[in-house]
Amino acid sequence: MINRRKTRKIMVGNVAVGGDAPISVQSMTNTLTADVEATVAQILRQEAVGCDITRCSCPDEDSARALKEITRRVNIPVVADIHFDYRLGVLAAENGAACLRINPGNIGGQDRVKEVVKAAKANNCSIRIGVNGGSLDKRLLEKYGEPCADALVESALEQAKMLEDNDFREFKISVKSSNTPMMIEAYQKLSEACDYPLHLGVTEAGGLRAGTVKSALGIGSLLMQGIGDTLRVSLTADVEEEIKAGYEILKALDIRHRGVRIISCPTCARRGYDVQKTVEALEQRLSHVSQNLTLAVMGCVVNGPGEAAHADFGVCGGKGDENMIFIGGKPAYKVKNEQIIDELTKLVENKIAETK
């Protein structure tokens, strides 16, 4: 059992982060934020796959002002991603941002931070201190010689003190790196040094496959230690894939469940039907499901009945063209190979209809 670290609770719009709140899954848009139509459309697609919080980059005034219309038309909180120009943070807060992400490596000194805090207080915004191994303050790079866990933590704690000195405590912290072991070490040290909620992530993780693996290792190992209150899987891929990967990490650790969980075998010569194509088809046809259900898609009787016994629904390959359907862990009836996908889809959809 995972014993989650005790942290303060803050609000990002209407989503609680930290304390006893569920671990939230975040993503980020990659449209031009000033393009309201494209950005709103992308956020709505994120919402459809379960995104709790999204983030929009605000590199200019047009982008910061566009948040007013964007936030009016979406249903999840929007974080404004601010770099270099603190005035864009002020503008974003005034135009509907639920949270301001500021980077200690480029936001500037106490005077600039004070103005950001003033705007956050006036507009009921929280703040994320977003430290990144690729954009550390030059002073810290000179001190440590290169990006390292201690430099990331020192940067975060310095920025946290600036916020505290301005009587502001509605913030969370991230100390991301593209180096997974460094990221893990930084979060471990930070969790010992403060009780603020932590936003987990391996930054610049890479493409869909490599990035998911790196993120699962980094984020997953920290969650196993009870560290982390919200997360983003950063991928060079469709933004919906970030959210799906985030939920898969949480599901794998039995922390939070959303959608259909498919247990399937890697297949061998004993398989009674094409398990791979069946799983691919079911993933596609059931991608809209948000309810927590488990399917066992097993190719033969070696492990099939055992896995199906613990699933809501399942199929176990048999001899010839006969495959056993399981309902509630018990064998129910047999179907032919070409019927498996439709039958399991129907069972899931009927179950959902019953619970509505």
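The values are calculated or read from the model by the stated rules, or taken from the named source; none is laboratory data. Every value quoted in this text rests on a predicted model; they were computed, and no experiment measured them. For neighbour counting, all protein chains shown are included, and Cβ atoms are generated from backbone atoms with ideal geometry for every residue, glycine included. Note: accessible area is taken over every heavy atom of the protein model, side chains too, but ligands, DNA and RNA are not part of it. Shrake-Rupley method; radii C 1.70, N 1.55, O 1.52, S 1.80 Å.
In this structure, does Ile82 turn out to be closer than 20 Å to Gly228 by Cβ, touching a strand residue (DSSP E or B) at 6+ places or on another chain (Cβ under 6 Å) and either surrounded by fewer than 24 Cβ atoms within 10 Å (Cβ to Cβ) or touching a residue at least 12 places away in the same chain (Cβ under 8 Å) (or both)?
Taking the combined requirement at face value, the residue does not satisfy it.
Table: residues versus (1) farther than 23 Å from Ser27 by Cα; (2) out of contact with any helix residue (DSSP H, G or I) (no Cβ under 7 Å at 6 or more places or on another chain); (3) open to solvent by 20 Å² or more (accessible area, probe 1.4 Å).
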| residue | (1), (2), (3) |
| --- | --- |
| Cys125 | no, no, no |
| Glu146 | yes, yes, yes |
| Ala160 | yes, yes, no |
| Ala216 | no, no, yes |
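Against the condition of a type in the set (Lys, Arg), within 21 Å of the chain's Cα centre (by Cα) and closer than 30 Å to Glu154 by Cβ, how does Arg232 come out, does it pass?
So Arg232 fits the description; yes.
Enumerate the strands (runs of 3 or more DSSP E) found wholly within the stretch 1-87, keeping only those where 1 or more residues are among the hydroxyl-bearing types (Ser, Thr, Tyr).
Of the strands (runs of 3 or more DSSP E) lying wholly inside the stretch 1-87, those with at least 1 residues that are among the hydroxyl-bearing types (Ser, Thr, Tyr) span 24-28, 53-57.
Look at the stretch 55-89 and say how many of its residues are touching a helix residue (DSSP H, G or I) at 6+ places or on another chain (Cβ under 8 Å), aliphatic (A, V, I, L, M) and under 17 Å from Ile129 (Cβ atoms).
Count: 3.
Working only within the stretch 205-226, note down all residues that are over 24 Å from Val78 (Cα atoms), in contact with a strand residue (DSSP E or B) (Cβ under 7 Å, 6 or more places away or on another chain) and either part of a strand (DSSP E or B) or of a type in the set (A, V, I, L, M, F, W, C) (or both).
Scanning the stretch 205-226 gives a single hit, Leu222.
Only one of these conditions is not met by Ala205: (1) open to solvent by less than 10 Å² (accessible area, probe 1.4 Å); (2) modelled with pLDDT of 95 or more. Which number is it?
Checking Ala205 against (1) open to solvent by less than 10 Å² (accessible area, probe 1.4 Å); (2) modelled with pLDDT of 95 or more, the one that fails is (2).
Kindly provide the set of residues from the stretch 279-305 that are of a type in the set (Gly, Ala, Ser) and at pLDDT 95 or above, ordered by number.
Answer for the stretch 279-305, where residues must be of a type in the set (Gly, Ala, Ser) and at pLDDT 95 or above: Ala281, Ala296, Gly299.
Restricting the search to the stretch 196-229, which residues are closer than 29 Å to Ala160 by Cα and under 12 Å from the mean Cα position of the chain (by Cα)?
Hits for the stretch 196-229 are His199, Leu200, Gly201, Val202, Ser215, Ala216, Ile219, Gly220, Gly228, Asp229.
Could you please let me know if Glu47 is in contact with a helix residue (DSSP H, G or I) (Cβ under 6 Å, 6 or more places away or on another chain), open to solvent by 10 Å² or more (accessible area, probe 1.4 Å) and without any contact (Cβ under 8 Å) to a residue 60 or more places away in the chain?
no
Residues in the stretch 128-147: is at least one over 22 Å from Thr39 (Cα atoms), modelled with pLDDT of 95 or more and among the polar types (S, T, N, Q)?
No; the residues of the stretch 128-147 include none that is over 22 Å from Thr39 (Cα atoms), modelled with pLDDT of 95 or more and among the polar types (S, T, N, Q).
What tally of residues in the stretch 97-115 results from selecting those that are touching a Lys or Arg at 6+ places or on another chain (Cβ under 9 Å) and either within 16 Å of Ser57 (Cα to Cα) or crowded, with 23+ Cβ neighbours inside 10 Å (or both)?
Total meeting the criteria: 4.
Pull out all pairs, ordered by first then second residue, where Cβ-Cβ is under 6 Å, the residues are six or more apart or on different chains, the first lies in the stretch 1-20 and is over 17 Å from Leu190 (Cα atoms), and the second is part of a loop (DSSP other than H, G, I, E, B) and open to solvent by 40 Å² or more (accessible area, probe 1.4 Å).
If the second residue must be part of a loop (DSSP other than H, G, I, E, B) and open to solvent by 40 Å² or more (accessible area, probe 1.4 Å), the pairs left are Ile10/Glu170.
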